[in-house]
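Visitor: Encoded as structure tokens, here's the structure I'll be asking about.
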Amino acid sequence: NAGVTQTPKFQVLKTGQSMTLQCAQDMNHNSMYWYRQDPGMGLRLIYYSASEGTTDKGEVPNGYNVSRLNKREFSLRLESAAPSQTSVYFCASSGRDTNQPQHFGDGTRLSIL
Amino acid sequence: DQQVKQNSPSLSVQEGRISILNCDYTNSMFDYFLWYKKYPAEGPTFLISISSIKDKNEDGRFTVFLNKSAKHLSLHIVPSQPGDSAVYFCAASHQGAQKLVFGQGTRLTINP
């Protein structure tokens, strides 16, 4: 049982390039999330999707777009990468019950030069 | 404005003793709190949670205490084991565990 799978694990981009981070879950969860983690800081919510077909902004959405492709997959796109977007990105998913904890993938480490 | 704060960046505890990790929050609307554990190069793993209608929740070696009047929660690990060495994040939310707000994390080191 893979849980939440993120691809790629590492990526280096140049400023201005575009990139899509992929996330898939096999737990039949309704809700999916994208976070970023910067040194010395906790995880901050970028976007989330409460159910297939819906997406909402989190705390730090600027510079990002998301697509809930189907129930399993939730992608995060950087249209024009900036050095400030250098971070570790985590995808998570959770079930229908609002008090169910989120399950996280192992992250994508993204560096923008 | 940091709504969830973990003021101790690191904590070192001897194996077998109690580890106490602390977390403070400012938003009185938060009603659900969680602790996550994170090893290097892995994603956070859920440990334990507590609803604001309770003041204590226990799961094996892990106990979370919530003091709503002080807006403070703590995680107790007893006895501490070497495998507990990790970064611990507290998180809070309003109306369920969906839009989580995380603290900065505390690095716990368990010494043999």
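The values are calculated or read from the model by the stated rules, or taken from the named source; none is laboratory data. It should be emphasised that the depicted structure is a prediction, and the values quoted were computed from it without experimental measurement. Counting neighbours? That spans all protein chains shown, and the Cβs are built from the backbone with ideal geometry, glycine included.
Visitor: Any idea which of (1) closer than 25 Å to A:T54 by Cβ; (2) surrounded by fewer than 21 Cβ atoms within 10 Å (Cβ to Cβ); (3) not basic (K, R) is the one A:S93 doesn't satisfy?
Guide: All conditions are met except number (2).
Visitor: In the stretch B:101-112, which residues are more than 7 Å from chain A (Cβ to nearest Cβ) and either of a type in the set (A, V, I, L, M, F, W, C) or surrounded by fewer than 21 Cβ atoms within 10 Å (Cβ to Cβ) (or both)?
Guide: B:V101, B:R107, B:L108, B:T109, B:I110, B:N111, B:P112
Visitor: Go through the stretch A:88-113 and give me each residue that's within 14 Å of another protein chain (Cβ to nearest Cβ) and hydroxyl-bearing (S, T, Y).
Guide: A:Y89, A:S93, A:S94, A:T98, A:T108
Visitor: May I ask you to list pairs of residues, at least six apart or on different chains, whose Cβ atoms are under 9 Å apart, with the first in the stretch A:1-28 being basic (K, R) and the second being part of a strand (DSSP E or B) and modelled with pLDDT of 95 or more?
Guide: Cβ pairs passing all conditions: A:K9/A:T108; A:K9/A:R109; A:K14/A:I112.
Visitor: Among the numbered criteria (1) surrounded by 14 or more Cβ atoms within 10 Å (Cβ to Cβ); (2) over 19 Å from B:A41 (Cα atoms); (3) more than 12 Å from chain B (Cβ to nearest Cβ); (4) of a type in the set (S, T, Y), which one does A:S80 miss?
Guide: All conditions are met except number (1).
Visitor: What tally of residues in the stretch B:1-55 results from selecting those that are in contact with a Ser or Thr (Cβ under 6 Å, 6 or more places away or on another chain), within 13 Å of chain A (Cβ to nearest Cβ), part of a strand (DSSP E or B) and more than 24 Å from A:G107 (Cα to Cα)?
Guide: Counting residues in the stretch B:1-55 that are in contact with a Ser or Thr (Cβ under 6 Å, 6 or more places away or on another chain), within 13 Å of chain A (Cβ to nearest Cβ), part of a strand (DSSP E or B) and more than 24 Å from A:G107 (Cα to Cα) gives 1.
Visitor: A follow-up question, please. Hey, among the residues in the stretch B:78-90 that are within 14 Å of chain A (Cβ to nearest Cβ) and either modelled with pLDDT under 95 or in contact with a Gly (Cβ under 7 Å, 6 or more places away or on another chain) (or both), which one's nearest to B:F65 (Cα to Cα)?
Guide: Looking at residues that are within 14 Å of chain A (Cβ to nearest Cβ) and either modelled with pLDDT under 95 or in contact with a Gly (Cβ under 7 Å, 6 or more places away or on another chain) (or both), I get B:C90.
Visitor: Within the set of pairs 6 or more residues apart or between chains, which connect a residue that is on the phi < 0 side of the Ramachandran plot inside the stretch B:63-84 to a residue that is among the acidic types (D, E) with Cβ atoms less than 7 Å apart?
Guide: Filtered contacts from the stretch B:63-84: B:F65/B:D55; B:L66/B:D55; B:H72/B:D24; B:I77/B:D84; B:S80/B:E15; B:Q81/B:E15; B:P82/B:E15.
Visitor: Then there's this: Got a sec? Which of B:S69, B:S74 is away from chain A (no Cβ under 14 Å), assigned to a loop (DSSP other than H, G, I, E, B) and surrounded by fewer than 19 Cβ atoms within 10 Å (Cβ to Cβ)?
Guide: Values: B:S74 fails: assigned to a loop (DSSP other than H, G, I, E, B).
After applying the criteria, what remains is B:S69.
Visitor: Another one. Working carefully through the options B:K99, B:K38, B:K56, find the one that is basic (K, R), in contact (Cβ under 8 Å) with a residue 12 or more places away in the chain and touching a strand residue (DSSP E or B) at 6+ places or on another chain (Cβ under 8 Å).
Guide: On inspection, the qualifying residue turns out to be B:K38.
Visitor: Now a separate question. Kindly indicate whether any position in the stretch B:26-43 is surrounded by 14 or more Cβ atoms within 10 Å (Cβ to Cβ), within 11 Å of the chain's Cα centre (by Cα) and among the acidic types (D, E).
Guide: No; the residues of the stretch B:26-43 include none that is surrounded by 14 or more Cβ atoms within 10 Å (Cβ to Cβ), within 11 Å of the chain's Cα centre (by Cα) and among the acidic types (D, E).
Visitor: Also: Being among the β-branched types (V, I, T) and in contact with a Ser or Thr (Cβ under 6 Å, 6 or more places away or on another chain) is the filter; apply it to the stretch A:1-49 and report the residue that is surrounded by the most Cβ atoms within 10 Å (Cβ to Cβ). Outline the logic, then answer.
Guide: Our first condition is that a residue be among the β-branched types (V, I, T); within the stretch A:1-49, this holds for A:4-5, A:7, A:12, A:15, A:20, A:46.
Now drop any that are not in contact with a Ser or Thr (Cβ under 6 Å, 6 or more places away or on another chain), which leaves A:4, A:12, A:20.
On the way: A:V4: 23, A:V12: 11, A:T20: 13.
Ranking the candidates gives A:V4 first.
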